[in-house]
Amino acid sequence: MRLSDILFLAYTTLIRYPLRTIMLLIATSIGVMAVILLTAVGEGARDYITGEFRNLGTNLLIVIPGRNETSGGGGPIDLAGLSPRPLTIEDAQSLSQIDNIRRIAPVVIGEAPAQYDGLERSASIIGTTPEFLSIRQWEMESGSFLPGASMRYSPPVCAIGKEIKSELFGDAVAVGEWIRIGDRRCRVAGVIAEEGRAIGIDVQKTVVIPVALGTALFNRDSLFRIIVDVRTTSRMDQTKQSILSIIKRRHQGKEDITVIKQDTVLQSFDNIFNVLTMALGSIASISLLVAGILIMNVMLVAVSQRQAEIGLLKAIGAKNKQINNLFVVEAIMLSGSGAIMGLILGHSITQVLKVAFPDFNFLPPMWASYVSLIVALISGIIFGLLPARRAAKLDPVEALSGNK
Amino acid sequence: MIRLEKLSRKFHVGNQVVHALDEVDLEINPNDYVSIMGVSGSGKSTLLNILGLLDTPTSGDYILSGINTSKMDDDEMAGIRSTKIGFIFQSFHLIPRLTAFENIEMPMILSGINPNERSMKVNSALEKVGLTDRSDHKPEQLSGGQRQRVAIARSIVMEPDVLLADEPTGNLDTTSGNEVVKLIEELNLAGLTLIVVTHDREMGERSNRLIELRDGKIINDQRKS
């Protein structure tokens, strides 16, 4: 029996019962469409999150005190002091001897009250160097960031977040005014335009001060971390080794720091979202399974409806295998065309969503299309097999007489 | 060409065993025209089904063209049905969604013959049954007589040795019934072995040989002189 003939015969059954065919096509296409849409959302979320991270620059290395492999949440809990040996400003300075390092921003963080003209509010304090601005790619709303000076000594100057500015100064000009932070006084050099978060801190509620002032303010000699901006990203690993060996030398041969790449963080988010997308896809595939069972059900009905025809085919010389093939192909055609319809629908709806929500990037991954198509075809084969076998095994005499 | 030796077919109905055919011995010559008659339950349909390899005997042998069919598997029997045996049924058994042409083509589709050859043979079969102008019609657009003629065209398109007809005129009025009978008798004159199951005595007596069954046994076997 020729393939073209099998396809033709299966096709004639599909157009003979249009309602049945349309219902099954809808069932399968909804399954495939669900896979496409859900994975598009998952993949879009991944793209959004990793995009946010990538904004921070993939050329960053982060040096944190303590020899812990997990980067953790990095919250204030593993804030210095607890590690065997503090990571100091001198450590940060020593890194400047590495060629491939363009900028170094040691960071110390904490909380302190900020006061101006009788008003007081609690602020997150970041003690760092002027390089921090370009590493974070922040913009200034007015004034300037920290002045360029050595890490050890710096004039008492600060840059404040927008919320701090409006709460302490209202509409008045803040630049040039002196505010009190904890027990220190410093002059406001500028207001930071940034509205997002950095190192888990809301930038708008932050006061940025020179790192030396920070260690003095919190009376602590260990840094929270050192952020390093690398010149050539291809030499990242080499730079990481250099950092480790320099600090090790300074720490009496003890390797008590951890250097993480921005990439590593990005990678773990990437992995999390990949798993999430796959989970969404698998959940959606369940609807494909349901469609498959529906196809099986309808094919079983078809077999009993077409008993006489099956008997006739046997009488005129059809082998059992041929009957089997006819029914399997019919099931595959149903699930296959349903899947193609679902792919078209899924991708069209994604396009519509892209227009409706331009901020969120809906990205149906390629694998979702392939996998859903293949799963649909396989479920067609598997769920078509049982009815087809039943048809092939019918006794020709009974089938011809139409008895069960 | 057909020889049955001590052929029996038993059915189990509840606790009872029914002997549909009881040690039947029968020989049918090539190009013969045989009618099989009997009341319902006499075993005539079972005999036809066994002759057509749709059913297998419980015991005994069925030798067709010198080949013993008793040990054949499903596929081998399907092969014989495809090439050596043609069927006509009381209820025509056309596939409703296919045209007359496609229905006639079906046995050739199943045996994988190429479309050009198929088309030629279908056209010549249509011509033989006088339905050339109906080739694109679906069964529902044809009269009963025309449907049976399509079925006859389908049964001879593979050029079988034997044509088995099960009450071929049972669903037809007298006029179209006569046309159908004439048609299959012409095929018999052209060399086809014709075996007809009927309960219509008038039709039975047209044949060269009339076999009567009762309770699974041949009770009468008469040949026209």
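What follows is calculated from the coordinates using simple rules that are stated; it is not laboratory data. Computed from a predicted model, the values in this text were never measured in an experiment. Here the Cβ positions follow ideal geometry from the backbone for every residue, glycine too, while neighbour counts run over all protein chains shown.
Per residue, the Cα convex hull of the stretch A:67-255 amounts to 116 Å³.
If eta is 1.306 mPa s and T is 10 °C, what Stokes-Einstein diffusion coefficient results for the stretch A:214-333, Kirkwood Rh from Cα pairs, in µm²/s? It diffuses with D of about 73 µm²/s by this estimate. Projecting label points 7 angstrom from Cα along Cα→Cβ for B:Q222 and B:T83 puts them 4.0 nm apart. Contact order for the stretch A:67-255, expressed relative to its length and based on alpha carbon pairs under 8 Å spaced 6+ residues apart, stands at 31 percent. Pairs of lysine residues in the stretch A:67-255 that meet both criteria, 8 or more places apart or on different chains and Cα atoms under 25 Å apart, total 4. Less than 5 angstrom separates the built amide H of B:I95 from none of the residues sequence-distant by 5 or more or on a different chain. Put simply, the amide H of B:R214, placed in the peptide plane, has neighbours under 5 Å in B:I219, leaving out anything fewer than 5 places away on its chain.
The value obtained for the stretch B:96-225, namely the Cα convex hull volume divided by the number of residues, is 130 Å³ per residue. Rounded to the nearest 10 degrees, the inclination of helix B:100-110 to the longest alpha-carbon principal axis of chain B is 60 degrees. Taking each of B:K6/B:K217; B:K128/B:K224; A:K314/B:K71; B:K6/B:K71 in turn, the alpha-carbon distance tops 21 angstrom for B:K128/B:K224. Backbone phi angles across the stretch B:201-215, fed through the Karplus curve with coefficients 6.51, -1.76 and 1.60 (θ = phi - 60°), yield HN-Hα couplings of 4, 4, 5, x, 7, 6, 6, 7, 9, 10, 10, 10, 10, 8, 6 Hz in residue order; Gly and Pro are listed as x.
Amide H to amide H, with H built 1.01 Å from N, A:E141 comes under 5 Å of A:V191, A:I192, A:A193, counting only residues 5 or more places away or on other chains. The rule of thumb for compact globular proteins, 2.2 N^0.38 Å, goes into the C-alpha radius of gyration of the stretch A:95-167 1.26 times. In order along the stretch A:60-65, phi translates into HN-Hα couplings of 9, 10, 10, 9, 10, x Hz, rounded to whole numbers, per the Karplus curve 6.51 cos²θ - 1.76 cosθ + 1.60 with θ = phi - 60° and x for Gly and Pro.
Placing pseudo-labels 7 Å out from each Cα toward the beta carbon at B:E159 and A:N274 gives an inter-label distance of 6.5 nm.
The residue list A:V230, A:A212, A:S285 was ranked by how far each Cα lies along the charge dipole of the stretch A:212-288 toward its positive end, using unit charges on Cβ atoms, and A:A212 comes out on top. The phi torsions of the stretch A:232-242, fed into the Karplus equation with coefficients 6.51, -1.76 and 1.60 and a -60° offset, translate into couplings of 10, 5, 5, 9, 4, 5, 4, 4, 4, 5, 4 Hz, rounded to whole numbers, with Gly and Pro shown as x. Positive end of the dipole of the protein assembly as shown (Cβ unit charges, origin at the Cα centre): among A:L87, A:L313, A:V191, the Cα lying farthest that way belongs to A:L87. Each Lys and Arg Cβ is given +1 and each Asp and Glu Cβ -1; about its Cα centre, the stretch A:67-255 then shows a dipole of about 800 debye.
With the cut-off at 1.5 for a/c, could you classify the stretch B:1-61 from its C-alpha gyration tensor as rounded, prolate or oblate? Prolate. Scattering from the stretch B:59-106 was approximated by placing one identical point on each alpha carbon and applying the Debye formula without solvent; log10 I(q)/I(0) at 0.33 1/Å stands at -1.24. Per residue, the convex hull spanned by the Cα atoms of chain B amounts to 132 cubic angstrom.
In chain A, the inverse of the mean reciprocal separation of distinct Cα atoms equals 26.2 Å; this is its Kirkwood hydrodynamic radius. Under Stokes-Einstein, with the Kirkwood radius over Cα pairs as Rh, the value for the stretch B:1-105 at 4 °C and 1.567 mPa s is 84 µm²/s. When the alpha carbon gyration tensor of the stretch A:322-404 is reduced to an equivalent ellipsoid, the three semi-axes, largest first, read 41, 11, 7 Å. Can you list the aspartates and glutamates whose alpha carbon is less than 18 Å from that of A:K319, not counting same-chain residues fewer than 8 positions off? A:K319 reaches A:D5, A:E309, A:E330, A:D395, A:E398, B:D55, B:D73, B:D74, B:D75, B:E76, B:E105.
If you average the alpha carbon positions of the stretch B:73-107 and of the stretch B:180-225, how far apart do those two centres end up, in angstrom? Cα centroid to Cα centroid, the span is 22 Å.
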